[in-house]
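Just below is one structure, and these are the notes that go with it.
Please treat every number below as a calculation from the coordinates, not as lab data. Just so you know, these numbers come straight off a predicted model, no measurement behind them. Here Cβ is always computed from backbone atoms with ideal geometry, including for glycine, and neighbour counts include all displayed protein chains.
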Amino acid sequence: MNQQIVTLRNSAGHALYCMFHAPDKVRFPAPSLAVLLLSPGVKMRVAPHRLYRKLMKTFLDRGIAVLRVDFHGLGDSEGELQEVQLDQLYRQVQLGRHIGDVAAAINWVERELGIRRVLVGGLCGGALTGLLAAEFDRRVVGLYTIGIPVCLDGSGQHSAETMTRGQLGSLRKRYIAKLLKPDAWLRLLSFRSDFRLIWRSLTVASAARRQRKAVKKSEGLTPTPATAPASNLNPLFPRAFFALLRAQTPILLLFSGADRLKWEFDEKFAEPWAAGLAPYAAITQVSMVEKANHVLSDPAWVADAAHQTAAWLDRHFTNARAT
Amino acid sequence: MTAVAAIPVTTSEEAFFIPVGEQQIFAMLHRPAQANPSLAVVMCHALAEEKLWSHRIYVKFARRLANAGIAVLRFDSRGEGDSDLEFEDSTLVTRIEDTKAAVAATYTKVAAERVVLLGHRFGGSAAAAAAAQLREQVHGLVVWDPLPDSADYFQQLLRSNLTTQMAIHGKVIRTREALIEDLLNGQLIVADGYGLHKDFYQQAIALDWSSDPAVFARPVLLLEVAKAGQTEPSAKFKQLSDANTSCTCGVVTEPPMWRETRQFHQEAKQFAAQTLSWLGSQWPGAVS
């Protein structure tokens, strides 16, 4: 494999340690497209179980160069992060802490490789950072996401307030099943249960009906949401997402079937903004890896993700090798 | 929020590949400010996802050591990080070979007089086995959270496979005992996304480094993570220090930084403090 250690610097002067992989030089002597796979959470440039290494072959086989990026304060890179709680760290990522690192990486790709068109993204926080960075960088021609979060972590809110209908529906089934279990009643009567969560899970269906009525009353097919945004929705998400769509940037949204993030995406973004999203259906692809967990830890799930990635690349970037 | 002490990067860092046969391993050398450090530490990481969760602790401790005048070489074993091979093609043997290559590269790069191996959990087992083979080339050994029983450790690793079964089938269809049987029959068993195979498993459970006198032919520091209420080394490690005058055992209170918790683990303060103190006591002039 043709790989090269890349040490680049962000605008603050931190050394960012990255790994570059060039496609086969005989088949693709002059790549014109690169993908930046961005550090997911704290799992650095390899991602959980080296997921990025497993997926990058799909890009390389299509003549797309790969740069796996460590953000400042994470992985091997320089820089200090002050958070001691993971949710607080994730929140800072979700608010765009690392978009300057992405810009530095794109600059390196353009300066050192002469490649002016890039795809950005990755898993979870890497996907979101790609989205937020792309809003400000016209060199980004595609957004590649696996399990992109639409909500902010570390809000300090009670979890019952921020759960999706899907999550609450699932919980409701579990609570109903527990009615026949003496242990559960003992827990309930000893006040060890989360009463607020139980109440919300049991009442969510009627709330959803009321919400649907409110949606029907709303007018217009604009990027204005049909319902009030969820309290923990990342306010940067809709703005950046629609900016990419207006620029006709293809977006792949891969979600795992057993991950709450698909529910969150649907209920907190896709449904309220359904009207605004409709004109861009041709460039917005939402796909599922059935039954998969957040990090795609089964080889079959990785293979499925790679297959769907390949199909998306072939659909939108077939000219990568020629241009 | 508690502020995390910033460690100034006054030292230099160099990322490079070390050839191992036809493959290569990724390495990061942390050079101290002084030109000729007398002591170098080679750090062997924990296994699989435990490596990733504890990675930043290694990075920051390496920088702290470099600031104390000690050269440090961190590396990714083959099958992990940015090194060659797929995880399922790596074994304990490849990890020992990689450690030996990292020690050789350290001597080449920094011309240190002494090299100490430091390993975390399964990385400690690999470091101990490599130290035994390298004999006088390794002058000290530090193991954070040593694993006295590899078989038990692998049983714990398989827990994530059961979780995956629940996701796919809605129930556990292969118990851990059945998975071990499958493993021994040549099947690849996936845990946390990492493929475990028979050779690796058999090599790992056969390794009994704590009974190997060659491991203790140098100063050894074993730092056990305290269980609830524990203040003294457990019997197993107490016996080791009683039987080997070179061996010091300690107990530290550290959170489980090798797995997902709610904390962002950047430092292992007690591991770090006790290790630095021990290095200073063993080689007084080497630690500033």
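Odds and ends about this structure:
- Within 10 Å of each Cβ in B:154-163, the average number of Cβ atoms from other chains: 1
- At the listed q of 0.13, 0.26 Å⁻¹, the Debye profile of segment A:14-71, built from one uniform point per Cα, gives log10 I(q)/I(0) equal to -0.32, -0.99.
- With the simple model of a label 7 Å out from the Cα in the direction of the Cβ, B:Asp242 to B:Ser288 spans 4.3 nm.
- Computed P(r) (all Cα pairs; segment B:242-288; 5 Å bins; percent): 4, 17, 20, 19, 17, 13, 7, 3
- Gap separating the Cα centres of segment B:227-279 and segment B:93-128, nearest whole Å: 20
- Sorting A:Val120, B:Val172 by the number of Cβ atoms found within 10 Å of their own Cβ, with the fewest placed first, yields B:Val172, A:Val120.
- Computed from the Cβ-Cβ distance with R0 of 45 Å, the FRET efficiency linking B:Thr231 to A:Ala282 stands at 0.10.
- Inter-label distance, A:Ser11 to A:Arg139: 1.4 nm, where each label sits 7 Å from its Cα along the C-beta direction.
- Hydrodynamic estimate: the Kirkwood radius of segment A:241-323 over Cα pairs, inserted into Stokes-Einstein at 37 °C and 0.692 mPa s, corresponds to D of 235 µm²/s.
- Residue by residue along A:79-85, Cβ atoms of other protein chains within 10 Å of the local Cβ number 6 on average.
- With a Förster radius of 45 Å applied to the C-beta separation of B:Ser277 and B:Ile173, the computed FRET efficiency comes to 0.35.
- Fewest-first ranking of A:Leu38, A:Leu245, using other Cβ atoms within 10 Å as the exposure measure: A:Leu245, A:Leu38
- Among B:233-239, B:122-128, the peptide with the highest mean count of other Cβ atoms within 10 Å heads the list, and the full ranking is B:122-128, B:233-239.
- Protection-proxy order for peptides B:32-42, A:223-233, A:121-131, each taking the mean of Cβ atoms within 10 Å per residue, highest first: A:121-131, B:32-42, A:223-233
- Extents of the protein assembly as shown, taken as max minus min of Cα coordinates on every principal axis and listed largest first, are 81, 67, 50 Å.
- Projected area, mean over directions - segment B:6-105, Cα convex hull, nm²: 6.2
- Cross-link reach is defined here as a Cα-Cα straight distance under 15 Å, omitting same-chain residues fewer than 8 places apart; for B:Lys227 the aspartates and glutamates meeting it are B:Asp145, B:Glu254.
- For the residue pairs A:Lys43/B:Lys236; B:Lys60/B:Lys236; A:Lys291/B:Lys51, the alpha carbons lie more than 32 Å apart in A:Lys43/B:Lys236.
- Distance between segment B:188-219 and segment B:19-88 - C-alpha centres, whole angstrom: 20
- Segment A:57-97 and segment A:245-308: distance between their alpha carbon centers, rounded to Å: 20
- The simple Förster model, with R0 at 41 Å and r as the Cβ-Cβ distance, assigns B:Ala111 and A:Gln248 a FRET efficiency of 0.10.
- Farthest positive-ward along the protein assembly as shown dipole, Cα basis, beta-carbon charges - from A:Ile283, B:Pro19, A:Leu36: A:Ile283
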